[in-house]
1. Could I have the simple spin-label model distance between Glu9 and His25, label points 7 Å from Cα toward Cβ, reported in nm to one decimal?
2. Calculate the spin-label point distance for Arg71 paired with Glu55, positioning each point 7 Å from the Cα along the beta-carbon direction, and give it in nanometres.
3. Which three lengths, in whole Å and largest first, does region 3-77 cover when its Cα atoms are put on their principal axes?
Amino acid sequence: MLLYDEVREPRVYHAILQAIGAGAHTLDEIANLALVGKTHLSSYLARLQELRFVERRLPITAPPARRARSRAGRYHLTVVGPPRAPLFGACEPSTPFGPAPCGRSPSGRTACGSGQV
């Protein structure tokens, strides 16, 4: 997905992403570094969250009733990486018909190296 295809003002969104990548995590820090007004910043960040470019993290001590409106949230770039094998269950990625089975090699080990089938 390209950011430029998903938003109207890509330069503003790009500046926000650069600010977060440079270490700005609070609304004030992001607004100052990206040169975006705080009144509009929340809507930009909400769109970046919808697109999964950014995630909002809250401290575990934040009361559940106030999490949605908490000012203690910190914004971070979403980490995207290669798919991982599940911790339990199949060693290979799931297929449309369920988990793919682990195959045994001639040495008796499974494809995932756990020794279990």
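1. 2.6
2. Result for the modelled spin labels: 2.6 nm.
3. For region 3-77, the Cα extents along the three principal axes come out at 36, 23, 21 Å.
Here, each number is a calculation from the coordinates, and none is a lab measurement. Source: prediction; values computed, not measured. All Cβ positions, even for glycine, are placed from backbone atoms using ideal geometry, and neighbour counts span all protein chains on display.
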